[in-house]
Amino acid sequence: MSEWLDSENRPYGLVTNGEGQFYKRVVEKYHEGVLVEIGCYIGKSLSYVLPICRKLGIQVYAIDHWNGGFAKPEDPPFNVEIFKRNLKRMNALESTKIIHCDSVKAAEQFEDWSVDVIMLDSSHTFENTLREIDTWWPKLKKNGCMLFHDYGVPAEWTKVKEAVNQLLGEPDEVIESFALVNKN
């Protein structure tokens, strides 16, 4: 639905162009790898990486419960059908595996050491971020990485930063509100 596209014809979302370009630069290092995005909303962050994933043979998994979150009344609703329409518009509906459930439950579908990149942009609470890191970190391959959106910005989401720092230490890189932690 065009009313939920931004001026760059991307789905609405809070990922900036700088963050999206950073995400793309990280993902393009993993030819024929596996990318898991947790907290997809209606697809803005994926819009930055889907073309390179297609080109490099990277399998994309999109995980969300689509039960709501940060949206204000004027924002698009959390709706998997809107997400699917956006994937279709980006020619990625068939190639993206959608998992419509809680991310911890979804993790049961992945073997340990099987994922190259995990991008986490879900509830932003301290407890849930800890739970997701504990659950998903073992799923990362050696030399894989985990990205965290809203790492301390805006101020009301500082719990993501606190959880990341407590479990993983300081990130290897921070670009705007994206934090990158490599698994060495």
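The values are calculated or read from the model by the stated rules, or taken from the named source; none is laboratory data. Everything numeric here is computed off the predicted structure, so don't read it as measured data. A quick note on method: Cβ atoms are made from the backbone with ideal geometry, for glycine too, and the neighbour counts reach across all protein chains shown.
The figures follow:
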quantity: Selection from segment 60-72 of residues that are part of a strand (DSSP E or B) and either over 15 Å from the mean Cα position of the chain (by Cα) or among the aliphatic types (A, V, I, L, M) (or both); calculated: Val60, Ala62, Ile63
quantity: One residue from Tyr48, Tyr61 being at pLDDT 95 or above, hydroxyl-bearing (Ser, Thr, Tyr), on the phi < 0 side of the Ramachandran plot and touching a Gly at 6+ places or on another chain (Cβ under 9 Å); calculated: Tyr48
quantity: Considering residues of segment 174-184 that are in contact with a helix residue (DSSP H, G or I) (Cβ under 6 Å, 6 or more places away or on another chain) and of a type in the set (Val, Ile, Thr) only, the residue nearest to Arg25 (Cα to Cα); calculated: Ile175
quantity: Lone qualifier among Lys84, Lys105, Lys88, Lys141 - being of a type in the set (Lys, Arg) and under 22 Å from Glu170 (Cα atoms); calculated: Lys141
quantity: Hits in segment 1-59 (condition: more than 17 Å from Val181 (Cβ to Cβ), of a type in the set (Ser, Thr, Tyr) and part of a loop (DSSP other than H, G, I, E, B)); calculated: Ser7, Tyr12, Thr16, Tyr41
quantity: Tally of residues being over 13 Å from Tyr30 (Cα atoms) and surrounded by 21 or more Cβ atoms within 10 Å (Cβ to Cβ) across segment 51-63; calculated: 2
